[in-house]
Amino acid sequence: MNYLKLFSPATVANVSCGFDSLGFAVDTVGDEMTFTKTKEKGVKITAISGANLSYNVDENAASAVVKKILNEANADFGVSLTISKGYAPGSGLGSSAASAAGAAFGSNQLLGNIYTKLELVKFAMFGEEVACGSQIADNVAAAIYGGFVLIRSYEPLEIIKLPVPKELRLVAIHPQVEVKTKDARAVLPAKIDLKDAITQWANVGGLISGLYSEDYQLISNSLVDIIVEPYRKKLIPHFDEVKNAAIKSGALGAGISGSGPTIFALCKGDEDAKKVHSAINKSYKKTGIEFTLFTSKINEKGIKILESN
Ligand code: HSE
């Protein structure tokens, strides 16, 4: 393969109770990237659209990953890269992760598919470090594996792909305020009460069980975050109003997508998703803060190849 164009999805990390360990991929929102083999070794970004990102190969999460993977594989070619961002960086929908995961996946295709998905996640985690200073796996793993994923262990890295209940729908609102992942991590406590830990890990277990058994009531009962959300919601204007509006209009649950400011709601079926979409729209219009709002299925495939030759 000498060229490919791919779609790398946005992702919702944490999914309420699973801080740094759960995530899922979004079907309709994401980035497009192209990868072209060059005779000259090294990486070059030739175009970036949709966001104001660095063209510096070592500072851009995507090119940094391409460079690392080509070096480690001792590639005898280089790559010219274009990035078209389909949504805003800093949204809490895994923007740097989409770029980093896409970069790992795309480079691997040009190398003849020599790395496993798990290895690609490790390369993509390096991109997350370049973008936000931490090697977090929940967004990149969701983008690469698709569907829901559990990061069962970081050392050694172990990822479990979880099933997606057929009728599950996402409604997500991105208020146009900036929340940096670094800042959203800095507000978190270093220690938590055992009582809270018990509640939280029981909810993670409940959510995973609900995904396997397609038990929407159990999913709803388990979409609770008593550890991270109370601290981070203060960074998101009108969070409680949105969450209440979503749940009152039929959402199974709602919470912060990744480190925010996007707020996500999960719903059962298109009808409920429509109602939740409209309730959130109505509630946020009153605030005077600009926002974008979308409804999507869950992406079960992860990164998709759009063109290749
Ligand atoms: N799990 C991470 C967090 C996702 O919530 O900080 C953001 O990269």
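Given a 1.4 angstrom probe, I'd like the percentage of the accessible area of the chain that is carbon and sulfur, rounded to a whole number.
50
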Residue by residue through region 67-74, what is 3J(HN,Hα) from phi via Karplus (6.51 cos²θ - 1.76 cosθ + 1.60, θ = phi - 60°)? Round to whole Hz and write x for glycine and proline.
4, 4, 5, 5, 5, 5, 8, 6
Starting from the Cα of Lys286, step 7 Å toward the Cβ, then list every residue of region 211-245 with an amide N under 11 Å from that point.
241-242, 245
Dividing the mean separation of Cα pairs under 8 Å (6+ apart) by the residue count of region 222-266 yields a relative contact order in percent of 37
Acute angle (nearest 10 degrees) that the helix 117-132 long axis makes with the longest principal axis of the chain, alpha-carbon atoms
80
Between the modelled labels at Thr28 and Leu306 (7 Å from Cα along Cα→Cβ) the distance in nm is 1.7
Per residue accessible area of the chain, 1.4 Å probe, in Å²:
43
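To the nearest 500 deg cm²/dmol, what mean residue ellipticity at 222 nm is calculated for the chain from DSSP H runs of n ≥ 4 alone, each contributing -39,500 (n - 2.57), summed and divided by the residues? Before the final figure, lay out the partial values.
Numbers: 10 runs with 116 residues, N = 309.
Only helices count here, giving -11500 deg cm²/dmol.
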Table column - 3J(HN,Hα) (Hz), region 287-296, Karplus curve with 6.51, -1.76, 1.60, x for Gly and Pro:
7, x, 8, 5, 7, 10, 9, 8, 10, 8
So which aspartates and glutamates can Lys117 reach, going by Cα to Cα under 13 Å and dropping same-chain residues fewer than 8 places off?
Glu158
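What does the extension gain come out to for Ser153 and Ala47, with contour length at 0.36 nm per residue minus their alpha carbon separation?
Values: separation 106, 0.36 × 106 = 38.16 nm, distance 3.63 nm.
Full extension of this stretch gives 34.5 nm more.
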By the mean-Cβ-within-10 Å protection proxy, highest first, 68-74, 271-277, 211-217 rank as 271-277, 68-74, 211-217
Among the listed pairs Lys248/Lys268; Lys5/Lys268; Lys67/Lys304; Lys233/Lys285, give every one whose C-alpha distance is greater than 25 Å.
Lys5/Lys268
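The values are calculated or read from the model by the stated rules, or taken from the named source; none is laboratory data. Just so it is clear, the model here is predicted, and its values are computed rather than measured. Neighbour counts are summed over all protein chains in view; Cβ atoms, including those assigned to glycine, are modelled from backbone coordinates with ideal geometry. Heavy atoms of the whole protein, side chains included, go into the accessibility calculation; ligands, DNA and RNA do not. Shrake-Rupley method; radii C 1.70, N 1.55, O 1.52, S 1.80 Å.
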